[in-house]
């Protein structure tokens, strides 16, 4: 048995195909999906979706959104996503270094919208690096 998986971003259909297992980065932690899973809607955090097909794992960096699980169908709607094998690891590492540099300039006690944006950029770069290496 397999799962039908769709990963959709506003500007593109990132992935559409079958999977034997899907692991989602939900806002409450990692969520494993196997065929016959109960119906569920969950928020997706910035992180890496992993799917197993023919005993091979594929990673997709997700930039937050929602997922709907309905029996053997998983639909993931995200702000942006990239398949790990298509990510330039070097540019992702440069983005992480830049974001960490910006973060270090901000005060530890500061809770501004600017700091939240920079932390978000750090998380995105980390997800891209993680997806590119798996």
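Worth pointing out:
- The distance from the alpha carbon centre of segment 7-52 to that of segment 63-134 is 16 Å, rounded to a whole number.
- The GNM of the chain, with springs linking C-alpha atoms under 10 angstrom apart, assigns the highest mean-square fluctuation among 104, 113, 123 to 113.
- 0 to 90° range, to nearest 10: angle between helix 113-132 axis and the chain longest Cα axis: 50
- Largest mean-square fluctuation among 13, 120, 54, in a Gaussian network model of the chain whose springs join Cα atoms under 10 Å apart, belongs to 54.
- Selected from 20, 82, 101 as most flexible by GNM, with the chain as the system and alpha-carbon contacts under 10 Å: 101
- Within the chain, percent of DSSP bridges classed antiparallel, to nearest 5: 90
- For the chain, the 222 nm mean residue ellipticity estimated from helices alone, with every DSSP H stretch of n ≥ 4 adding -39500 (n - 2.57) and the total spread over all residues, rounds to -9500 deg cm²/dmol.
Each value in this text was obtained by applying a stated rule to the coordinates, not by laboratory testing. What you see is a predicted model, and the numbers here were worked out from it, not measured in a lab.
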